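**Student:** The following block contains the structure, expressed as structure tokens.
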Amino acid sequence: MSQDKPIDVVSRELRGDILFVTVNNPPVNALGVEVRRGLVAAIDAADADPAVQAVLILGAGRNFIAGADIREFGKPPLAPYLPDVCNRIEACTKPVVAAIHGAALGGGLEIALAAHYRLAAPDAKLGLPEVLLGLMPGAGGTQRTPRLIGAKAALELMLSARQMGAQEAHSLGVVDRLVPEGDLLAHGLDYVRELLAVRAPVRRTRDAQALTDREANRAAIEAARVDVARKSAGLFSPGKIVEAVAVALEQPFDEGLRIERQLFLQCLDSPQRAGLIHAFMADREVLKAPETRAAKPRAIAHVGVVGGGTMGAGIAVAVLDAGLPVTMIERDEAALARGRAYVDKVYSGMVAKGRMSSDAKDSLMARLAGSTSYDALAAADLVVEAVFEDMAVKKAVFAELDRVCKPGAVLATNTSYLDIDEIAASVSRPGDVLGLHFFSPANIMKLLEIVVPARVSADVVATGFELAKKLKKVPVRAGVCDGFIGNRILAVYRQAADHMVEDGASPYQIDSALRAFGYPMGPFQVSDLAGGDIGWATRKRKAATRDPKARYVQIADRICERGWFGQKTGRGYYLYPQGARTGVPDPEVEAIIDAERVRAGITPRSLSGEEILRRYLAAMINEGANVVQQGIALRPLDVDVVFMYGYGFPRHRGGPMKYADTLGLPQVLADIREFAQQDPLFWQASPLLVDLVERGADFGSLNQAE
Ligand code: 3H9
């Protein structure tokens, strides 16, 4: 029987009197159980072998070690545990040196900190980003880092999750030696030989002295505690990080490790860890659409944008930021000047805040060309249309694009709701037509829905993903339907919110319940920010096709009829006195709501924050299930990513579908059935949800990678 030899995830090679220990666990050398075993075995071997004078630990491939293997979290732990591996390295009786290139993150940095000396290549990225995963460093990082660099710097590193470069790590004292680019093995060998030549001692980080100034370190811990309470309210692991560092100051090292382990396990058990790791994986899974596997993207060197309104200009900024030239098309010089002025304003704002030099602004603006003639798009590789949301207007634009664009140019529409299949059918090259749905402000919002009409070529879809990468956006593949993934689901849960207002909750109470859940803003604040007129126009457009039997709440229309469109008009659901950006409740809006309840014959009842959340999220989850079942979203995780990046869904809850799994789908279905007793037309359980509950499965089971 022939079988491939399993790769040695930790290999050992004795060169002279130095043991080279190389971690080779693609793609990122995560510290899975085999790696942990291999490292312990290597150190045992080094201690036992009199021929070994020192150990050099390296990572194969592009990184040193990216951290613990996050796919093991939530599963039964397997020995040896990472803290024990680090302790074993630190206890080695012969000098151990870590040679860092690429990522040394989380447990990867903890391994390096357990070594006795560290050297770093110029591309090294060092950090303790566990907090982003709902965790804290759990392999001695909270105890060794402050002993090495002091509580202040250690806390900053752990709470910000940022990655330091080699230079900074060197000046902070995290690494001892910087080596030039090139052969890391050779540099490592030189450094170890140097250490041996001067009989450098085994130097253990557990004995480092940066915590000796107790007052200064105590003050740093107190400051971090205050900061965490203010900035990370609702998050579990930041507070645990501060707690662990406080222990480092007050307790001996071994006791510190014991408490760190307890706190780490609490983080590991928290639903926030599950939500954040789901989010981490989902961020990567969304990139894997069938078309990105099947086809190569077309080249994009020059982008056209049709329309210089808020959306078009925002898209232009996003493309300029990515370093590409943009040609903007508008119908007349005045409109073109407004589009250009918008782009200019964004960059002037950055210059004013000191975030950009005026030279940098000038060179960005020099890449923006404008024209009132479509012929200026002849050389564009990709054109995004962002004109008025009207089918006839869009088709007229596409007729022009069809006329002027070179063969192979990608023709994209930024429509939010319109049928892209119909737009594609109106041109001679439907295979080149794609939806690229940006979110406003387009230069800031991370989400980009890549909307895939029936006849589009796979390489055009792949080009959409490639553009997202260049623009540093998060692409999610969506099918064609009214509202695609995000706005389609939004329309449903917004109705649930409107129903609740008519039934007795105030918009302010609903917003507050959602902020308590973790949203930065509630839906009525968002509506005031975006402008109530947008939703109003959509409702008018849909009025003719609305099911007359469906419940329709008119409160928003009454508010819009008064010209109260939100922040831009000084009032909407909230009042914004003197242009304030945070609104205050408006008694006149409450009076309108009262009047509407009377008109609808509703006796208001009180709704608890808990009931508000149950209804709002059940509506979101149920429509999310429909969107998955109909193939509009590839998997539940695509819905999660849309809501985290486009709609403010709290990341630590992992998105609505992950949250539904956390609640338990039987509970969600029971809620929907309970609400259906009052309004069976609105609350129709999604067949997918019913099916999953019957099978005892969850949404996670549909996310292949999990
Ligand atoms: C920790 O260490 C806890 C300890 O303190 C205590 C323990 C007791 N595990 O991002 P990419 C996969 S917590 C498993 O596209 P890049 C990733 O899913 C950990 N898999 O590449 C992807 O898979 P696929 C602290 C991991 O070059 C592939 O690798 N560490 C892990 O753009 C490529 O990833 C971190 O939080 C992992 N740890 O960026 C670091 N990391 O190909 C997390 C990645 O199937 N990682 N994968 O889609 C990163 O920040 C980036 O991956 C890195 C490379 C910068 C390393």
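The values are calculated or read from the model by the stated rules, or taken from the named source; none is laboratory data. Note that the structure is predicted; figures quoted are calculated from it, not measured. Here the Cβ is made from the backbone with ideal geometry for all residues, glycine too, and neighbour counts use every protein chain on show. Accessible surface areas use protein heavy atoms only, side chains included; no ligands, DNA or RNA. Shrake-Rupley method; radii C 1.70, N 1.55, O 1.52, S 1.80 Å.
**Student:** Quick one: 3J(HN,Hα) in Hz for the range 652-668, Karplus 6.51/-1.76/1.60 with θ = phi - 60°, rounded, Gly and Pro as x.
**Tutor:** With the stated coefficients, the range 652-668 comes to 5, 9, x, x, x, 6, 5, 4, 4, 4, 5, 5, x, 5, x, 5, 5 Hz.
**Student:** Among bridges DSSP assigns within the chain, what percent are antiparallel (round to 5)?
**Tutor:** So the antiparallel bridges amount to about 25 percent of the total.
**Student:** Then there's this: Can you compute the modelled spin-label distance between ARG455 and ALA591, with each label point 7 Å from Cα toward Cβ, in nm?
**Tutor:** Each label point is offset 7 Å from its Cα along the Cβ direction, giving 5.6 nm.
**Student:** A further question on this structure: Using amide H atoms built in the peptide plane, which far-off residues or other-chain residues are under 5 Å from GLY655 H to H?
**Tutor:** Those lying under 5 Å, H to H, from GLY655: there are none.
**Student:** Report the full-extension gain for the segment ALA543 to ALA379: residue separation times 0.36 nm, less the Cα-Cα distance, to one decimal in nm.
**Tutor:** Taking 0.36 nm per residue and subtracting the Cα distance, the gain is 54.9 nm.
**Student:** Taking a 25 Å limit on the Cα-Cα distance, which of the listed pairs LYS75/LYS240; LYS288/LYS395; LYS125/LYS361 fall beyond it?
**Tutor:** Checking Cα-Cα distances, LYS288/LYS395; LYS125/LYS361 exceed 25 Å.
**Student:** In what sequence, highest mean first, do 239-248, 319-328 appear when ranked by Cβ atoms within 10 angstrom?
**Tutor:** Averaged packing, sorted descending, gives the order 239-248, 319-328.
**Student:** On a 0 to 90° scale, report how tilted helix 636-646 is relative to the longest principal axis of the chain, with both axes built from alpha carbons and the result rounded to the nearest 10.
**Tutor:** 80 degrees
**Student:** Would you work out which of ALA121, PRO650, THR545 lies farthest towards the positive end of the dipole of the chain? Charges go on Cβ: Lys and Arg +1, Asp and Glu -1.
**Tutor:** ALA121
**Student:** Once amide H atoms are built 1.01 Å from N in the peptide plane, which residues 5 or more positions from VAL451, or in another chain, come under 5 Å H to H?
**Tutor:** GLY435, LEU436, HIS437, ALA478
**Student:** Which percent, nearest 5, of DSSP beta bridges in the range 300-484 are antiparallel?
**Tutor:** For the range 300-484, the DSSP antiparallel bridge percentage is about 15.
**Student:** Within the range 50-89, name every residue whose backbone N is under 15 Å away from a label modeled 7 Å from Cα of ARG261 along the Cβ vector.
**Tutor:** Taking a point 7 Å out along Cα→Cβ of ARG261, the residues of the range 50-89 whose backbone N falls under 15 Å are 77-89.
**Student:** So if each residue of separation counts as 0.36 nm, and I subtract the Cα-Cα distance between THR310 and SER608, what length gain in nm does that give?
**Tutor:** Stretched fully, the THR310-SER608 segment lengthens by 103.5 nm.
**Student:** Leaving out ligands, DNA and RNA, and with a 1.4 Å probe, what % of the accessible surface on the chain is carbon or sulfur?
**Tutor:** After summing per-atom areas, the C and S share lands at 54 percent.
**Student:** Moving on to the next point. Ordered by packing density, taken as the mean number of other Cβ atoms within 10 Å over each peptide's residues, highest first, how do 525-538, 365-378 rank?
**Tutor:** Packing order, densest peptide first, comes out as 525-538, 365-378.
**Student:** Name the shape class, rounded, prolate or oblate, that the alpha-carbon gyration tensor gives for the range 193-289, where a ≥ b ≥ c are the square roots of its eigenvalues, rounded holds for a/c under 1.5, and otherwise prolate holds if a/b is larger than b/c and oblate otherwise.
**Tutor:** It comes out oblate by the Cα gyration axes.
**Student:** Now a separate question. Any chance you could run the full-extension gain for GLU222 through ASP47? It's 0.36 nm times the residue separation minus the Cα-Cα distance, nm to one decimal.
**Tutor:** Gain in length upon complete extension: 58.8 nm.
**Student:** What number, rounded to the nearest 500 deg cm²/dmol, is the helix-based mean residue ellipticity at 222 nm of the chain, given -39500 (n - 2.57) per DSSP H run of at least four residues and division by all its residues?
**Tutor:** That comes out to -15000 deg cm²/dmol.
**Student:** For the chain, take the longest principal axis of its alpha carbons; what is the angle in degrees between that and the long axis of helix 532-543, to the nearest 10 within 0 to 90?
**Tutor:** Orientation of helix 532-543: about 60 degrees from the principal axis.
**Student:** Separate question: For the chain, what is the accessible area per residue in Å² when the probe is 1.4 Å?
**Tutor:** That works out to 42 Å² for each residue.
**Student:** Turning to a different aspect of this structure: Set Lys and Arg Cβ to +1 and Asp and Glu Cβ to -1, take the dipole of the range 300-484 about its Cα centre, and tell me which of GLY308, VAL480, MET350 lies farthest positive.
**Tutor:** MET350
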